[in-house]
Structures are given as C-alpha cells and as structure tokens.
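Working notes, structure below.
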Amino acid sequence: MTGDVFKTAIAFFVAVVVQATIVSSVAPGGGKADLVLVTLAAVALLRGSIFGAIAGFYAGFLLDAANLDTLGVSSLLLCLAGYWIGRYGETTGRDRAHAPLVSIAVVTVLSAFGALALHAMLGESVSVQAGLRALPAQILLNLLLTVPVYALARRLFAPGTRHPIKDVEFG
Amino acid sequence: MLVVVSIAMLTLYFREAQSGPMHSVQGAVAGVLHPFQVGAERVARPFRDAYGWTAGLVNARSENEELRKDLQLLRLQAIQNQTAARENVDLRRALRYVSGPSFPRDYDGIAASVTSHATGEWEQSLVISAGRRNGVRLDDPVVSSEGYLVGQVTKVTRTSSEVTLLTDSTSSVTALDVATDTVGVLEIGEGPDRPFELNRVPKEKVVERGDTISTAGRRFGRLGSLFPQGIPIGSVKHVGQTDIENFQQIQVDPFVDFSSLDTLVVLVPKENRTDTP
C-alpha cells in the first residue's frame, strides 16, 4: 500500500508538470489532451474508488498550484472523477477491455461541464461555445492517450498484486 | 470528506486577499513545482521549435512573397517616420511638452519563459517563470518577445506569475488607430472565431482596413489605462456599421499568435518602485 501511495504521488507529480508545461501548450484540432485526467482514470480503475478520490484530490491540488488557478476547483472535479471511475471499475468495468476508454470518454465530458459550471458559479467569464467546440477533439486526444497511459499504469500498479489470492486449507 | 475539504479550500481561496494563507500555500507548492516545470519546458522547447519550423515550411513560399511586399512598403514608411520623429523631437522641445509614460522608452523588460498553459478552453491565462523576486508586480503589462501586447499580470507568487491574456473575456484595453488617432476599447468578441473588436468607436470617426492598432494609454471612462501608450496590438481586419448601432463594428487581427507563446516580457516602469517584494 505504501508503495502504491509513493508511486501515485510521483506519477501525478510528473503528470501535472508534463500537462501544465507541454501537453496544454499543444491544441491539435482546437482541443487539449488532459494527461492528468487520463492518468487518474487508469489509477482509479486499477485501485478503486477511495484511492481514486484521494489521488484526484492530490492531482487537482497540484494542478491548481501549477496553473495558479483557484485552489480547490480541480481538486473537487478530479476527486469526484476519481471516485466515479473507481466505482465503475469496482462494480462493472475493471476487467473489460473497453473500460478505460468508456470511463475516459464519459469523465472527459462530465469534467468539462463540471468545470464550466464551477467557473460560472465563481463568477468567472466562461464561454460555453468555446468549451463545447473543443470537446470532441479533447475526447479523441484523451482516448488516444488512454491506451499507452493505461498500459503503463498496469505495469506500475500491477493488477492482482493488491489482494493476492492465497490458498486456504480447511479442516 | 475530500469534497468538503475542496469546497472549503475553494471558498477560502476565493474570499481571501492575494496575501492570504491559501495563496501562500499555493505559492509554496508552485515554488516546489517551478524548477521541474522550467526543466520540462527546456526539454520540450527543441521539439516545439522543430514542430514550428516544420509547420512553417508549408506556408513559407507564399509568406515570403507577402513579406517582400510588406518590406517595400515598410521601407517607405520608415523614411517618412524618421522625418516625422525628428520633427516631433524639435516640436516637443519648443513646446516643453511633458508626456505620460510610453513604451518602450519608460519601461524595462523582464523576460520570462512560459512554464504552464491553462488546460481548459475557457481559461485564457498562462504562468511565467518570473515572480516577485524578479520584480514583477500585479497589473504589470506583458508583451511578446517581439514587443506586441499579450496581456497583464493578474497573480504573483515569489517565483512565478499568472498572465491573463488579451483573449480572456475579462480583458480590455484602451486602444487607438495609429493612423487616425481614433480611440476605442479593444475586447474579445463573441462568435465562433472570437475576433478582437475595437468597440465604442463613433460612426463619424475614421478607421480603415489595415490600420495599426496600439495601446492608447489613456483614460476611457472613470479608470485610467494600466497599459502604457504605444504597444502594438494588431491591424484592422474589418470595418462595418449598421443603422441600428451607435458605434462602428471593427474587427482587429492581433499581431501575436496566442496559441504559441514561449517567451514573454513583463514591462516594469523605469522609475524606482517603492513597494517591497
């Protein structure tokens, strides 16, 4: 468990730095990929809802600090996203091949609307039109990122090692 | 629990001043991230430059022809400007004219690299690698490395600063048509392309397509401009008017490509600042 926490902390630190510095500066087709969200989806699917929520909170906190944005906005969104993806993994999707792709597509849309709503509630000027226009490209880019990121996360968090099956003898 | 903590953080951050504890925490975390962001930016820059160079090759031929035409025109203008500038100096001396601060004469530049870009489409801001320790202050104007207006500083930590771009809908600047001295307010418009619009220009004023727009550095309404006079912004792309509107509809094509900003320059007045870092 401690190893997982350490690996998660490092993984999200790297993801936030790369996202803020490199990924967000490129907008092919008008949309920007969200490496942090994709990483969160992978981790939450592999490690469950509580771990996903905590990882989302931590990633959001780092992201808001890196972008000097309103502290708490990304934490709230990513915390909820991590929890939802974790629950999806625990209940239905974890072992299905399409689970990472489905969860990232859904959560990209939900987090975009959530961010729009939160920024609007904070009185910031938001352009729904601009957000919606960028959304298809963002979904596509996130889906493209999901494949290598999920593969890497599976190696890092080695599914099945969390609760290894033990032989139990009765009697 | 974490949701409650997030909402509490958000509320505290939103309500407190820039010197409050949540801002200090953010500044401290940003300080930890800063060297890694600078490092990542340095690693990524050659790749970004290579991409830009390759993409530039596609339009190089047509762009070359356009630039040659522009060069001829600008040579002529440069000669005319030199004569006008000499005349201007003589007349100012004769009148003992005292002018307000203007760009670039009365400002020093603090060059900084862009270390963070906003993730969402609705956030038109970025973070640069210069902060309070470098002399950056709130509301300082920011220009591109070529000297074109980009935006202004809206948050400052010890090591980094947030720059809100002109493309943000909260940004506006008093701007003037250099050729005709017509003043208006430059803001980002609505619509699919989100063009820049020079608003509040009465119908009787003359603005023509191709005119250069720069900061006016003047008061427009009750508040004075934060931007010094003479920072180039863009050129007029379209001028139109309707019978029902009181003002002209003027669209401006910015000189800056806001999607590919690598290095920015924060303008600080040359006079000594009295506020402490």
Exercise for the section: For the stretch B:2-57, evaluate the Debye formula with one uniform point scatterer on each Cα (no solvent term) and list log10 I(q)/I(0) at q = 0.14, 0.16, 0.27 Å⁻¹, rounded to two decimals. Expected result: -0.61, -0.67, -1.00
Exercise for the section: Return, for the Cα atoms of chain A, the radius of gyration and Dmax in Å, separated by a comma. Expected result: 16.6, 69
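Taking the beta-carbon count within 10 Å as an exposure proxy, list B:Met1, B:Met22 from fewest neighbours to most.
B:Met1, B:Met22
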Exercise for the section: Answer with one residue from A:Gly48, A:Val18, A:Leu152: the one whose Cα lies farthest towards the positive end of the charge dipole of chain A, charges on Cβ with Lys, Arg +1 and Asp, Glu -1. Expected result: A:Leu152
Handout entry: Part-to-part distance (alpha-carbon centres) for the stretch A:1-74 and the stretch B:63-93, which is given in Å
Key = 51 Å
Handout entry: Alpha-carbon gyration tensor eigenvalues x 5, square-rooted, for the stretch B:16-169, Å
Key = 36, 27, 13
Practice task
Using only Cα atoms, tell me the angle between helix B:2-15 and the longest principal axis of chain B; keep it within 0 to 90° and round to the nearest 10.
Solution key: 40 degrees
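Let me spell out the model: positive unit charges on the Cβ of Lys and Arg, negative unit charges on the Cβ of Asp and Glu, origin at the Cα centre of the stretch A:2-157. What dipole size does that give, in debye rounded to 20?
Dipole size: approximately 400 debye.
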Handout entry: Average beta carbon contacts from partner chains per residue of B:38-47, 10 Å cutoff
Key = 3
Practice task
Quick one: give the max-minus-min coordinate of the C-alpha atoms of the stretch B:99-271 along each principal axis, largest first, in Å.
Solution key: 52, 40, 28
Fill in the blank from the handout: Note: the stretch A:82-146 at 37 °C, 0.692 mPa s; Kirkwood Rh on alpha carbon pairs; Stokes-Einstein D in µm²/s works out to 253 µm²/s
Practice task
Would you list the membrane-span-like helices of chain A, meaning whole DSSP H runs whose alpha-carbon atoms span at least 30 Å along their axis and whose mean Kyte-Doolittle value is at least 0.0?
Solution key: A:99-121, A:128-157
Exercise for the section: Evaluate the protein assembly as shown: find the radius of gyration of its Cα atoms, find its Kirkwood radius, and give the ratio Rg to Rh. Expected result: 1.04
Exercise for the section: Would you mind working out the magnitude of the charge dipole of the stretch B:99-271 relative to its Cα centre, with +1 at each Lys and Arg C-beta and -1 at each Asp and Glu C-beta, to the nearest 20 Debye? Expected result: 700 debye
Handout entry: Over chain A, relative contact order from alpha-carbon pairs under 8 Å, at least 6 apart, %
Key = 26 percent
Handout entry: Average beta-carbon neighbours from other chains, 10 Å sphere, peptide A:49-59
Key = 1
Problem - Average beta-carbon neighbours from other chains, 10 Å sphere, peptide A:22-33 - result: 4
Practice task
Output the relative contact order of chain B, whole-number percent, from Cα pairs under 8 angstrom with separation of 6+ residues.
Solution key: 17 percent
Practice task
With everything on Cα atoms, drop me the angle between helix B:21-58 and the longest principal axis of chain B, reported from 0 to 90° to the nearest 10.
Solution key: 50 degrees
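Readers should treat all values here as calculations from the given coordinates under stated rules, not as data from a laboratory. Keep in mind the model is a prediction, meaning the values are calculated, not measured. A quick note on method: Cβ atoms are made from the backbone with ideal geometry, for glycine too, and the neighbour counts reach across all protein chains shown.
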